[in-house]
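Here's the structure, in structure tokens; my notes come after.
The values are calculated or read from the model by the stated rules, or taken from the named source; none is laboratory data. Only a predicted model underlies this, so the values are computations on that prediction, with no experimental measurement involved. Here Cβ is always computed from backbone atoms with ideal geometry, including for glycine, and neighbour counts include all displayed protein chains.
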Amino acid sequence: MTLQLNRNTTPIKMRNYGRIVQDLISYASQMEAGVERDSLELYIAQCMRQRNLVWNRDQETGLNRVKEDIIRLSDGKLQCESPLFMQFMAQPGLVGMGQKRKKK
């Protein structure tokens, strides 16, 4: 008896974010507008921000790029205009992430 695994073989649109973020965005774009969708958008933005810092250690990518990428990956269905997201955009960046400490 063999077990068949159902694997998602669709190509990843942006490899630096990964398939999980891509699947979260597609799930959020199918949700109705509301508090849960806004919270999920915020969570996705936080994940994308952290993955950008891991992928691009030398450069700090701004939150505007994360917002543009969410809009691009959702084909315009997620606009990231909620008050929670605007609060997140107003926060300062994660300073020190991805930077190596100097040896003394």
For this session: Can you confirm whether the range 37-51 contains a residue that is within 21 Å of M89 (Cα to Cα) and outside any helix (DSSP H, G or I)?
Result: no
Exercise. Which of the following residues is modelled with pLDDT of 85 or more and either surrounded by fewer than 15 Cβ atoms within 10 Å (Cβ to Cβ) or over 23 Å from N8 (Cβ atoms) (or both): Q99, Q46, Q22?
Worked result: Q46
